[in-house]
Amino acid sequence: MLTHVNVLTGKIIGAAIEVHRHLGPGLLESAYHACLARELEMEGVPFKSKWPLPLDYKGVKVKKAYEMDLLVADRVVVEVKSLAAIAPIHEAQLLTYMRLGGLK
């Protein structure tokens, strides 16, 4: 299993580049998500797709308040975006997923 985060993120970035090289720009996030999942699978990189993140609000558990696009090796959150640029709200979304999931 991949344990070193730099090796793991290198594999994720390589897979994402391969997907983009093959598909190019302009598709829906769902297409890139499915292809990235396939690429990671072919590389033997463990991941969970559309992984639910529960939320505890004042004693009430909301079972599927959020979902991460990909949780790779239980360590790295991958949020697939098909945008011209990443906005601050996208960074906030990722940080929230990491906080709720107890991830660094």
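Quick note: the coordinates plus some simple rules give every number you see, no bench work behind them. Note that the coordinates shown come from a computational prediction; the quantities given were computed from them, not determined experimentally. Don't worry about glycine lacking a Cβ; one is built from the backbone with ideal geometry, like all the others, and counts go over all protein chains shown.
May I ask for the net charge around residue 14, where only other residues with Cβ less than 12 Å from the Cβ of residue 14 are counted and Lys, Arg are +1 while Asp, Glu are -1?
On the way: positive: 11, 21; negative: 18, 39, 43.
It works out to a net charge of -1.
Quick one: helix 88-101 against the long Cα principal axis of the chain, what's the angle to the nearest 10°, folded into 0 to 90?
70
Rounded, prolate or oblate, given the Cα gyration tensor of region 1-49, with a/c below 1.5 counting as rounded? The partial results should precede the final answer.
Numbers: a/c = 2.52, a/b = 1.80, b/c = 1.40.
Here region 1-49 falls in the prolate category.
Taking the structure as given and computing Cα extents along the principal axes in Å, which label from [x] 73, 49, 20; [y] 46, 33, 20; [z] 60, 28, 22 fits?
Answer label, from the structure shown: [y].
Sort 97, 57 so that the residue with the fewest other Cβ atoms within 10 Å of its own Cβ comes first and the one with the most comes last. Each step should come with its number before you reach the end.
Numbers: 97 19, 57 8.
By the 10 Å Cβ count, ascending, the order reads 57, 97.
Relative to the first principal axis of the alpha-carbon coordinates of the chain, what is the inclination of helix 5-23, with its axis defined by its Cα atoms, in degrees from 0 to 90 and to the nearest 10?
60
Could you name the lysines in cross-link range of residue 11, using Cα to Cα under 30 Å and dropping any fewer than eight places away on the same chain?
Partners found: 48, 50, 64, 81, 104.
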